[in-house]
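Encoded as structure tokens, the structure appears first; notes follow it.
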Amino acid sequence: MTKQDVVNHILSDCSSVMASSGRASAPVNIALAKYWGKRDEELNLPVTSSLSISLGPHGTVTEIIPNPSGNAIFCNGEPMGEDTVFHRRLMNFLALFRPSQAGFFTVRTENSIPTAAGLASSSSGFAAATKALNQLFSWNLPDRTLSILARLGSGSASRSIFDGFVEWHAGSLADGMDSYAEPLPYVWHDLRIGLLTVSQAAKPISSREAMRQTVATSPLYRQWPEKVNGDLAILKRAIRDQEFALFGQTAESNALTMHATMIAAWPSICYWLPETVREMHRIWNLRRDGVPVYFTMDAGPNIKLLFLQETLATVQAAFPNAAIVAPFPTSPQPNT
Ligand code: PMV
């Protein structure tokens with residue numbers, strides 16, 4: 001089954017009227033129980049379910065305008081080179097929805113992720129593009145279906161359709177119609193995320209390639225599905241009960257295990273730089289001193305700190321360069 005088959009199937013049920021443009025926003029999300037490994041490479045169907053937190057207002061705003069004379073992408077006002085990976089991936093995605101052979105698009109995309117956070121924007125980028133297409137063609141598709149379409153662009157984009165805590169169900173169908181994300185009904189006002197940029201250099205290996213290599217060669221990958229399923233259940237409980245230590249420990253352990261599966265692949269994939277390891281030790285030292293701060297990491301060298309508002313001053317003193325994000329509206333502070 002191809003991406004185009006899935007798109008045709010979904011759009012066969014809805015009417016389409018093209019407006020002059022479509023515009024939408026979507027948040028970046030950070031996985032707490034990670035998606036690592038595909039059961040279908042073409043449709044980005046995952047081996048396991050995963051759970052993430054969206055970063056509130058931080059993400060991508062995308063406008064899509066039909067343009068009969070050719071494709072163009074502007075990112076934060078600058079034209080994007082046709083030879084860049086994101087240009088190629090986004091254009092391949094948009095080609096799935098072209099109304100005719102002569103239908104092209106101009107895309108204007110703005111990222112509002114804290115500057116220099118070194119966050120990949122594929123999750124928010126493909127989610128915002130999917131929502132903008134829904135506007136442009138007046139499909140009125142439900143969020144669950146938008147999540148399925150966004151997944152065809154990038155797996156983690158399926159979760160960026162929603163705010164707050166989000167679970168992406170792995171599903172088991174070959175066409176992926178049961179592999180979509182949905183929001184969890186929990187709010188954690190005092191939760192904070194610190195984006196600690198260690199390097200902004202391009203990744204040495206894409207997450208797509210790294211997943212493929214890990215699944216094919218890592219002797220540790222066999223244990224990964226069980227680990228994620230267990231962590232996902234624990235995280236849901238910890239979030240529901242706002243048990244921060246359990247939450248932080250489970251997320252950190254999940255990230256470290258994901259990196260362990262890659263390090264054990266052959267050739268080994270190690271996204272960590274010496275600075276990454278140095279920061280990890282600083283976090284562990286802080287914890288030894290009684291400061292409840294944990295971390296997670298994706299397919300790159302940068303660290304995302306997990307902590308509560310009450311620890312903000314200590315975290316800021318220890319990591320003055322971290323960009324602090326409140327994923328939920330913050331709770332009113334008591335008068336002092
Ligand atoms: O959606 P992709 O192909 O960029 O893969 C994302 C993989 C991780 O960020 C490492 C984990 C995740 O669940 O987001």
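Looking at residue 51, is it aliphatic (A, V, I, L, M), in contact with a Ser or Thr (Cβ under 8 Å, 6 or more places away or on another chain) and within 14 Å of the ligand (Cβ to nearest atom)? The answer is no for residue 51.
The condition (being more than 20 Å from residue 169 (Cα to Cα), among the aromatic types (Phe, Trp, Tyr) and within 16 Å of the ligand (Cβ to nearest atom)) is satisfied by just one residue among 104, 86, 74: 86.
Of all the residues in the range 138-167, those that are within 11 Å of the ligand (Cβ to nearest atom), in contact with a Gly (Cβ under 8 Å, 6 or more places away or on another chain) and either closer than 22 Å to residue 187 by Cβ or not small (Gly, Ala, Ser) (or both) number 2. Within this structure, residue 290 passes the test of being over 22 Å from residue 53 (Cβ atoms) and either more than 25 Å from the chain's Cα centre (by Cα) or crowded, with 22+ Cβ neighbours inside 10 Å (or both). Scan the range 156-170 for residues that are of a type outside the set (A, V, I, L, M) and crowded, with 24+ Cβ neighbours inside 10 Å and the total you get is 7.
Conditions tested, residue by residue: (1) within 16 Å of the ligand (Cβ to nearest atom); (2) in contact with a Gly (Cβ under 8 Å, 6 or more places away or on another chain); (3) at pLDDT 95 or above.
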position	(1), (2), (3)
202	yes, no, no
208	yes, no, no
219	no, no, yes
241	no, no, yes
256	yes, no, yes
282	no, no, yes
285	no, no, yes
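Is it the case, given these coordinates, that residue 61 is among the aliphatic types (A, V, I, L, M), within 22 Å of the chain's Cα centre (by Cα), away from the ligand (no atom under 16 Å from the Cβ) and part of a strand (DSSP E or B)? The answer is yes for residue 61.
Among the residues of the range 27-49, the ones that are among the hydrophobic types (A, V, I, L, M, F, W, C), assigned to a strand (DSSP E or B) and more than 12 Å from residue 171 (Cβ to Cβ) come to 5 in all.
Screening 276, 261, 296 for residues that are within 22 Å of residue 323 (Cα to Cα), among the β-branched types (Val, Ile, Thr), within 12 Å of the ligand (Cβ to nearest atom) and surrounded by 14 or more Cβ atoms within 10 Å (Cβ to Cβ) leaves exactly one candidate, 296.
Residues that are closer than 20 Å to residue 148 by Cβ, of a type outside the set (D, E, K, R), surrounded by fewer than 19 Cβ atoms within 10 Å (Cβ to Cβ) and in contact with a Lys or Arg (Cβ under 8 Å, 6 or more places away or on another chain) within the range 171-191 comprise just one, 184. Whenever a residue of the range 172-194 is at positive phi and in a loop (DSSP other than H, G, I, E, B), its partners that are of a type in the set (Asp, Glu) and surrounded by 14 or more Cβ atoms within 10 Å (Cβ to Cβ), lying with C-beta atoms within less than 8 angstrom and at least six residues away or across chains, give the pairs 176/40. From the list 144, 222, 212, which residue is in a helix (DSSP H, G or I), free of Cβ contacts under 8 Å to residues at least 24 places away in the same chain, surrounded by fewer than 22 Cβ atoms within 10 Å (Cβ to Cβ) and not small (Gly, Ala, Ser)? Just a single option satisfies the conditions, and that option is 222.
Matching residues to (1) at pLDDT below 90; (2) among the aliphatic types (A, V, I, L, M); (3) surrounded by fewer than 21 Cβ atoms within 10 Å (Cβ to Cβ):
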residue: 81; (1), (2), (3): yes, no, yes
residue: 95; (1), (2), (3): no, yes, yes
residue: 98; (1), (2), (3): yes, no, yes
residue: 102; (1), (2), (3): yes, yes, yes
residue: 108; (1), (2), (3): no, no, yes
residue: 131; (1), (2), (3): no, no, no
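The values are calculated or read from the model by the stated rules, or taken from the named source; none is laboratory data. Being a predicted model, the structure only gives us computed values, none of them experimental. Cβ: placed from backbone, ideal geometry, glycine included. Neighbour counts: every protein chain shown.
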